[in-house]
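One structure is given below, encoded as C-alpha cells.
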Amino acid sequence: MVAVELIVRDLAFGLMLGCVFSVVAHGLNIIWGVVKVVNIAHGEFIMLGAYGAYFLNLFAGITPLESAPVNAVIGLLVGYAFYYAFLHRELRNKQTITLQSEMVTLAATFGLSLFISNLAIILFTGNPVGVNYNPGTLQFGYLHVPLAALYVAIVSILIIAGTWLFLEKTFIGSTIRAYSQDVTATELVGANPATVASLATALGFAVTMAGGALLTVWVPVGINPLMGALYAPISFVIVVLGGPGKMWGSLVGGLTLGVLIDLVQAFATAQIAYAAAFLILIPVLVFRPGGILK
Amino acid sequence: MQAKPRRLAKRTTAIIVIAIVAIVIVSGGGTYYYINYVAPRPISCTLPSGRDAIKVGFTISLTGTYNVEGSKSLAGIEAAACWINSNGGVTVNGKTYNIVLDYHDDASSSSNISPLYTSIITQDHAQFLLAPYSSGLTGTAAPLAEQNNLVMLSHGGSSDSIWTKGYKNVFGVLSPASTYFNNAINWLKANHLGDKLAFLHSDDSFSTTASVAASRYAVQQGLTVVYNYSYPSMGTQDLSTQLTAAQVAGADDLLGGGHYADGLKIVQQLSSVGWTPKFISLLVAVTEPQFQQQLGGAANLVTGPSQWETTVTYSPASAQTAGIPWYGPTESQFVDYYSKQANAGSPTYHSGEAGAAILVLVNAIHNANSLDTTAVRQAISGMHIMTFFGQFQVDATGKQSAHSMVLVQWQNGELAVVAPAIVTSGTVKYPYTGS
Amino acid sequence: MPLLQARNVSKNFGGVQALKDVSLDLPESAVLGLIGPNGSGKSTLLNIIAGVEKPTSGLVTLDSKRIDNLRTNRVVRYGLAKTHQIPKPFSNMTARENVAVAVLYGRRNIHSPTPALEEADRILSMVRMGSRKDAPADSLTVQEKKRLELARAIATGASILLLDEVFAGLSPEELKDSIQLFKKLHDELRFSALVVEHVMRAVLSLSQKVMVLEEGRVIATGSPDEIVHDEKVIQAYLGSKNPAA
Amino acid sequence: MNIQKPGLTLYGLFIVMAFLAAAALLFGVAVSSILVFLLIYAALAYSINFITGMIGYVDFGHVLFMAIGSYALATLVSYYGANPLLGVGAGAVLGLVFALGIGLVILRFRGVYFAIATVVLVLAAYNIVLQFPQLGTGGEIIFNLTLQPLTPYFTIWTIVLIEIALTYYVNRSRIGFGIRAIKSEEDAASSVGVSPQRLKLIGYMLGGLFGGAAGGVYSWSTSGVTAGPAFDFTFSLLMLAMIIIGGVGTSIGPLLGAVVVYIPSYFLLTSVAQAQPLIIGLLVIIMALFLPDGIVGLLRRSNERLRLVLE
C-alpha cells in the first residue's frame, strides 16, 4: 500500500475541489447571512452560470475563467430582479424575518427552482454539455496538478477574499453588514434597507453565477439542467458548516467537504464518502449550530 | 416617511413590468428556438392509401431524464416504419397493411407508464407493443403486455433481470447489459492474457450489471482482476482517487465507466493522475462523436462497446454468409430515412435498436402470416434473422442471444469498429498511448 | 414554607455572566416585583424559572420539587406560566382559540375543544376582552395582545404567574386600567406572581416585596417603600441611562 | 375554523371517495389505472400535510419515506414472494420507524435548517442504498406480479380514506389546537404547556407511516423500484407543490392539490408534456407569494358560505 502517496494526492485534489465548492456556495452564504433567506433555487442559478460559461465558450470562444466576470455582471442584474420579485414583499418593514416569511420564501424559491430547471430542460435539452478547457498539468514529483483546477482554486479564493474586503473595507459593505446585524441600523446611517438588501442579494447572485462558470472546469461534460439538484444541497451543507454570514466560512466549509469526500474515498467506498459528506450536517447542527468556525 | 413606501411601490411596479416583458421576450424567443432547433420533427411519411392499419403502440421518453435517448429511439422507429410502409407494407393473408405508430411521451416517469399503456391498449386498441426506453420503465410496462396478452418488443431495456420474470410476450432486440464488455475481454484474452484489469464504474443499475458481469467473465476467461470499484452516479467531479488506487494496485487495463460524462471524466483524469493504461474500454461515452472532439488526442485508441454503429457492415451478403434470412433496409437506406427528420441529428445505437424492433415485429408478422398474438409470439420465438442492426434470435426466456455487440476504437479521429471479426473496419491498436 | 424557591442560580452566556448567585422565595399568593436596569438579568432569571433556559449552576424548586431541569411545557404542568415580553399570539387563530390552547394543554384536565372554548370565553371576559374573542389574534392592539398573554397564562390553571413586562408600552390610562385589572384578578384567583417590570409605578403599587438586580446580582430586597429609599438602588438607576419612569 | 358546525367538508370528501370507488368498479382498468396514481398522489400529499401542512416544517425530503416503502414492498415481493399487501404494511411500519428515529434528531432544527436536513438525508440514503446489493443491482428491483389492478387501487383508496379521516379528526381535536399553536409560535406554545417535541414527532411519524404505505403501493403499481427515480426529488417537490397549491394543513387541500397536479399532467402528457412542471412551478410561485392558503384559502375568501364550510 502506497498510502502516503495516495493521501497526499487526495488531499491536494480535495483542497482544489473544496475551493470550487466554496465559491459555488459563497453566493448562498452572502444572501443567507445578510438577508436571512435561503434560496432553494440556488442550484438552478449555478446551473445557469455553468450554461453561461458554455454558451460564452461556444459563441465567443472564451474560457470559463474569462466568462466568470461576464456571468457576475449578469448575476448582479438577476439578483436585483430576484430581490424585488421574491423577497421584497416579505422583508420590507420588518426587523427580523419571521418564520412565516421564511416559509413563504422557501416555497416561492422552490417553485422558482422547478420552473427554471424545467425551462432549461426544454431549451437546452437534457443532453449534458461541457466546456473544453485544458491548459495542461503541473507536476510535483508524483503529484500531477491540472492547471485548470489550480487556476479555478486560486480565483475562487480571490473571489471570497474580494467579497470579504468589500464588506469590511467599503462604505456600502459596512452598510450591508449593518443590515445583517440590525435592519434599523441601516436607516440610522441614512440608507434605504430595501436598497441595501437588494444590493446584497445581487452580490450573492453575482458570486453564484460566477461560481457556476468556474465549476464547469470540474464537470467537463456535466453541465445539464438538473445539475442544481446536486450543487444546491452541497452548498447548503457548506454554508451550515461554515456558519451563515461568515465570509471565510464558505471556504472552511467547502474545503472540509472537498477533503472529506476525497479522503474518505481512500478508505471506504465513494458512496459512503458522499453519504458522510451530506450527513456531517446533522451533528454540526446538533452540536455547533453556528457553524464550525468560531 | 410617507413618501418612502410609495417610491418603493412605484419601483416595484416598474420592476414587475420589466420582469413581465422579459418573461414574454424570453419565452417567445425560447419557443422560437425550441421549435426550430430543439424539437425533433418526425418524418412526413405519406402512408400509401387503400391499406388497413396495424397499430403499434408504445410510450417513449421525449422529456425528462431519458429525453435524449428517447428522441433518438423514436426517430429510429419512425425511420424503420416509414421504410416498411414505403416498401410494400405488411402483407398478411394477401392483404396489405400499413404500420401505424401510436405513441405518447411518458416523461421518463414510471408513474405514467401504466396509465398510458392501458389507454394505448384499451382505447387505442394497439395490436402490438414496443417497450419504453430504459430497463426500469420496461419493467413497469412488461406486466401490462402479459396481462393483455400482447407481444412487446424491448429495444431500450438491457437489464438482464427483465428476462428472469417468466414473461412470455416480452422479447429483447438488444444485447443484455451483462454482455457489453465481452468483445473487449475476448480480445484481451486472445492477445494479452497476462494483463491485469481494473474495473471502475458508476453505481447505476446498467453500469453495475455490465461491469460486474464483465469482471466475472474476465476471471472465467483466465484474466486477472486487481481492482473493482463503483462510484456514485450523481457526483463525478473527481475520480482521481480511484484511478490512482487502480494504478497502485498494478492494473494494466481499465474497463468500466457509466454515462457520457463519466467516460470523459475518466480519460481526462488519467492524464492528471499520470497513469496511462494499456487498454481502455468505457461504456456509452466512447461512441459519441463529442467524445473525440472534447478530448482530442487523449481519446485516441480508447475503446468501447456498442450495440450498433452506422459504420457496422451488416448486409444481405453477410446474412447469406451466416445462412440466415435478411429483412429490412440496408444500413445506408436506414440512415437515409432517418436523416429526413428535422433536428434528429445522426442516428445512434438507440435509433438502431429501436428501428430494429419494428423490423423484427414486421418480419414475425410476415412469418406468422397472422395478426394473432399467439402466432406472432411463436414466430418471434423461432426466428433467426439479420437486419441492419445485426442478428436476432431469442432464448427461451425472450432474452436476445444472437445479436452481437461491437467493439469500437477511436483511431486518428475516426471511430473504427474493431471486433467482432465479421463486421470490423479495422483492428484493435494496442497499447493506448495517452495524448 | 415558600412555594417557589430559587437557590444560588448562576448563568453564563459564553464568557458573560448574566446571573450570579441569585436566590429568591415566592410564598403562596404573594407578588414579588423584580426590577433592575437593562441587561441586569431579570428576563434571564424569569426564563430559567420557566424552564426556557437552564441555569449554569443553582436550583429552582417548586414545593421542594426540582424544576430547573424541566422543559417549559413540563413546568407548566407544575403550575407555572410565563408571559412574553414581546407578545407572541398564535396569529393563525382567534383570541378565544389562543386561550383554548392554554386551557387544553395546561393543568386543567379539560381535554376536548368545546368545553375548552367555553372556558376560554370566560377567561377572556375576566381580562375584559370578551368582546374581542372572535378577532384574529394578529389584528389585536398591543394592549390587547398583552392581555391575551395574561389570559393564556391564567388559562393554563397556573398558581404562579411569571409576568415579563406586561405593563410596558402602555399609555397612562391603559396602565392605570391594567394595574386595576391585575389587582382584581389577583384578589379573585389568589395566584402568586413574579413581576418583571421597567415601569416602577406598576411594580411598586402591585408588589408586597421587590427585588433589585444589577449586573446579575441582587443588590437589594425589601418592601416597595424600602426599595425606593435604598442608596444602592438609587445609584444603580441614576448610573444607568434609563431611570425609573 | 368553526368546530360547532357539522362536518360538511367531511361529507363532501366522502362523496368524492365514494365516487372514486364507484368509478373504478364501473369503468374498470382503463380508468382505474389512471385514478390509482391520482390516489397515490393524494396519499402522498396527505402524508406530507401532516408535517409540512399542519406543523409548518417544510420537508423537502419526504420522498425518503416513499422510497423506504417502495423498497420494503419490492424486497418482500421479489425475494420472499410475499403478498404485496404485506409489503405495503411493511413499508408503512418502516416509514414510521424511520420517521421516529430521524425525527428525534432533526425535529430539533427549526425552519430552514430542518428543510436542509431533510434534503441531505435523502442524498445520504440514496448513497447508502447503493451499498447494499440485497436491494438490487444498482438499486434496481423489477418484479412480476400477476396484476389485479383493483387490489392496489382499493388498497391506496383505503389509505387515502384513513388519511382524510385522520387529518379531519386531528384538525378538530385537542391535538389540532396544539399543532396550530406550534405552527404559529413554537416557543409560545410550549409556554402554555404544549409539548412541541412530542406533537412534531407525532406529525412526522404519521407522515412517515403514510408516505411509506403510499411508496409501497407505488412500487406495486409500477412493478419495481430503481434507486435513481426512487430518491429523485421530483416526488418530494410534487408533494409540496400539491399541498401548497391545494391549501396547507386543511382536510380538503391535499386532495384538491393532487387533482390539480395530477389530472392535467396526465392529459398534458399526450400533448405538451414539457409544459406540466413549468406550470406547476409557476403555480407554486404565485401561490406562495400571493395566496398562502392555496386554492382552499382562495375559495374561502371569495365566498362567506364557503369560508364556514371548507376545512
Cα gyration tensor category, rounded, prolate or oblate, for the stretch C:78-153 with a/c compared to 1.5
oblate
Binned Cα-Cα distance frequencies in the stretch A:1-97 - 10 Å width, integer %
13, 34, 27, 17, 7, 2, 0
Can you pull the one-decimal nm distance between simple spin-label points at residue C:231 and residue C:205, each 7 Å off the Cα toward Cβ?
3.2
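Based on the mean of other Cβ atoms within 10 Å per residue, sort peptides B:66-72, D:205-211, D:46-52 so the most packed one is first.
Packing proxy ranking, top to bottom: D:46-52, D:205-211, B:66-72.
Arrange the peptides B:301-308, C:45-52, B:411-418, A:190-197 so that the one whose residues have, on average, the most other Cβ atoms within 10 Å appears first. Before the final figure, lay out each step's value.
Working: B:301-308: 26.2, C:45-52: 23.4, B:411-418: 16.8, A:190-197: 18.5.
With the highest mean Cβ count within 10 Å placed first, the list reads B:301-308, C:45-52, A:190-197, B:411-418.
Evaluate peptide A:228-239: per residue, the Cβ atoms of other protein chains within 10 Å of its Cβ; return the mean as an integer.
On the way: counts 0, 7, 6, 2, 4, 9, 4, 1, 7, 5, 0, 1.
Whole-number average of other-chain Cβ neighbours for A:228-239 is 4.
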Determine the shape class of the stretch A:219-294: with a ≥ b ≥ c the square roots of the Cα gyration tensor eigenvalues, call it rounded for a/c under 1.5, and otherwise prolate if a/b is greater than b/c, oblate otherwise.
oblate
Please give the per residue volume of the convex hull enclosing the alpha carbon atoms of the stretch A:145-294, rounded to a whole number of Å³.
133
Just to confirm the number: angle between the C-alpha axis of helix C:172-189 and the first principal axis of chain C, 0 to 90 degrees, nearest 10?
80
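If you average the sequence gap of Cα pairs under 8 Å that are 6 or more apart and divide by the length of the stretch C:90-155, what percent do you get for the contact order?
Values: 83 pairs, mean separation 30.0, N = 66.
Normalised by residue count, the contact order of the stretch C:90-155 is 46 percent.
Looking at chain D, do any whole DSSP H helices span at least 20 angstrom along their long axis by alpha carbon and average -1.0 or above on Kyte-Doolittle, and which? Could the numbers behind the result be given before it?
Numbers: long enough: D:8-27 (28 Å, 2.42); D:29-48 (29 Å, 2.31); D:63-80 (24 Å, 1.54); D:84-106 (32 Å, 2.30); D:111-129 (28 Å, 2.13); D:150-172 (33 Å, 0.94); D:196-221 (37 Å, 0.42); D:253-269 (24 Å, 1.74); D:275-290 (22 Å, 2.51).
TM-like helix candidates: D:8-27, D:29-48, D:63-80, D:84-106, D:111-129, D:150-172, D:196-221, D:253-269, D:275-290.
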Do any chymotrypsin sites (Phe, Trp or Tyr not before Pro) in the stretch A:222-294 lie in a loop, going by DSSP, with at most 10 other beta-carbon atoms within 10 Å of their beta carbon, and if so which?
none
To make sure I understand the rule: partners must be lysines, Cα under 25 Å from the Cα of residue A:169, and not fewer than 8 residues away in the same chain. Which ones qualify?
A:36, A:246, A:294
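Counting pairs of Cα atoms in the stretch D:112-203, how many percent are more than 15 Å apart? Provide the component values of the computation, followed by the final result.
Details: 3183 of 4186 pairs.
Here the long-distance tail beyond 15 Å is 76 percent of all Cα pairs in the stretch D:112-203.
Which percent, nearest 5, of DSSP beta bridges in the protein assembly as shown are antiparallel? Mind dumping the intermediate values first?
Values: 46 of 97 bridges.
Taking every DSSP beta bridge within the protein assembly as shown, about 45 percent pair in antiparallel fashion.
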Can you tell me which of A:117, A:156, A:250 moves the most in a GNM of chain A? Springs connect C-alpha atoms under 10 Å apart.
A:117
Spread of Cα-to-Cα distances over 10 Å intervals beginning at zero, given as percent, for the stretch D:179-271:
14, 33, 34, 14, 5, 0
Rank these for me by crowding, A:281, A:263, going from fewest to most other beta carbons within 10 Å.
A:263, A:281
Can you tell me, using C-alpha contacts under 8 Å and at least 6 residues apart, the relative contact order of the stretch D:8-309 as a whole percent?
31
Quick check on my link table: of C:20/C:42; C:82/C:232; C:183/C:209, which ones sit more than 22 Å apart, alpha carbon to alpha carbon?
C:82/C:232
At what distance in nm do the modelled label points of residue D:79 and residue A:165 sit from each other, each positioned 7 Å from its Cα along Cα→Cβ?
5.8
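Over chain A, what relative contact order in percent results from Cα pairs under 8 Å that are six or more residues apart? Don't skip to the end; give the middle numbers.
Numbers: 519 pairs, mean separation 115.5, N = 294.
Taking the mean separation of contacting Cα pairs over the length of chain A, I get 39 percent.
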How many partner chain Cβ atoms sit within 10 Å of a residue's Cβ in peptide B:224-233, on average, as a whole number?
4
Report, as a whole number in µm² per second, the diffusion coefficient that Stokes-Einstein gives for chain A at 20 °C and 1.002 mPa s using the Kirkwood radius over alpha carbon pairs.
111
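Find, among the trypsin sites (Lys or Arg not before Pro) in the stretch B:165-203, those assigned to loop by DSSP (not H, G, I, E, B) with at most 16 other beta-carbon atoms within 10 angstrom. Spell out each step's value before the answer.
Numbers: sites: B:165, B:168, B:189, B:196; in loops: B:165, B:168.
Listed in order of number, the matching sites are B:168.
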The stretch A:1-78 and the stretch B:300-377: distance between their alpha carbon centers, rounded to Å
44
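Within 10 Å, count the other beta carbons around each residue, average over each peptide in D:111-120, C:129-138, D:282-291, B:87-96, and list them highest first. Could the numbers behind the result be given before it?
On the way: D:111-120: 23.2, C:129-138: 16.0, D:282-291: 19.5, B:87-96: 13.0.
With the highest mean Cβ count within 10 Å placed first, the list reads D:111-120, D:282-291, C:129-138, B:87-96.
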Between 0 and 90°, nearest 10: helix A:247-267 axis offset from chain A longest Cα axis:
30
With charges only on Cβ, +1 for K and R and -1 for D and E, what is the dipole size of the stretch C:90-155 about its Cα centre, in debye, rounded to 20?
240
Using a Gaussian network model of chain B with C-alpha springs under 10 Å, which one of B:177, B:190, B:218 is most mobile by mean-square fluctuation?
B:190
Shape call for chain B, from the Cα gyration tensor axes a ≥ b ≥ c (a/c under 1.5 means rounded, otherwise prolate when a/b beats b/c, else oblate), comes out oblate
Can you list, largest first and rounded to whole Å, the semi-axes you get for chain C by taking the square root of 5 times each eigenvalue of its Cα gyration tensor?
29, 21, 16
Taking a cut-off of 22 Å between Cα atoms, list the lysines near residue B:55, but don't count ones fewer than 8 places away on the same chain.
B:72, B:95, B:168
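Each reported figure results from applying straightforward, stated rules to the coordinates on display, with no laboratory input. Just so it is clear, the structure is predicted and the values come from calculations on it, not from any experiment. With ideal geometry, Cβ positions are generated from the backbone for all residues, glycine too; neighbour counts draw on all protein chains shown.
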